Amino acid sequence: MITIGEEIFILMLDLDTGRLTDKLPPEKISNTLSGALLMELAINNRIDTDLEGLFVVSPEPMGEPLLDIVLEQILADPKKRPIRYWVRVFASGAEGIVSRLTESLVERGILLRRRNRLLRFIGDYTITYESGKSDHDVLRRIARILLSDELPDPRDIMIIALADTCDLWQNQFDQETFTTVEPRIKSFAGLELIGQAVVQEIFKKSTG
């Protein structure tokens, strides 16, 4: 399984440098990756939200160390906290999140590390460069959805919403294509409560 956080992380990578894009402020990257962890738990029926806040539905471990740490921390808090609270909590450990996502992708061969840099992708759900062409990557999958009448599944709605919160789509599409797909991006992003909370947290931090 490749997680929402891993796919968002892949979208954030600059393929020329093998590093996280420098086109996004660090706080946007931190909050978006934090939101991705919460979304993965939500789609696997471990957490949910209501008008009062976020709560645990099932304490059963996911079997993925990073997600299980997040779930345990939420479970250990006796109070029902707003989504924004947890976005901030986990965003504060963004460096560790990036490290764990990187190692997970490298261990499974989705990312190749050479000379201490991530240089290219291999395998399913990843971007594979061969003669200048890409195949089977998250961007292609989402672009196909946005440029058609195809309805995304819940996981892809979450990815669309998260990428929208940190303006990733503007960096992934040329201006003409982005203008075409923007209405569908906004319509899908509006369906995702955790994505909306991430947006609010990013806006709060960016405006002081």
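Read-outs: derived from the displayed coordinates by stated rules, not from any lab. What you are looking at is a predicted structure, and each value in this text was computed from that prediction instead of being measured. Cβ sites come from the backbone with ideal geometry, for glycine too, and all protein chains shown count toward neighbours.
Given the Cα-Cα distance of Phe55 and Asp22 and 0.36 nm per residue of separation, how much length would full extension add, in nm?
Working: separation 33, 0.36 × 33 = 11.88 nm, distance 3.41 nm.
Extra length available between Phe55 and Asp22 comes to 8.5 nm.
Please give, to one decimal in nm, the separation of the simple spin-label points placed at Leu75 and Leu151, each 7 Å out from Cα toward the Cβ.
About 3.4 nm separates the two model spin labels.
Can you compute the modelled spin-label distance between Leu15 and Asp48, with each label point 7 Å from Cα toward Cβ, in nm?
About 4.0 nm separates the two model spin labels.
Quick one: check the C-alpha center-to-center distance for the stretch 138-169 versus the stretch 1-78, whole angstrom.
17 Å
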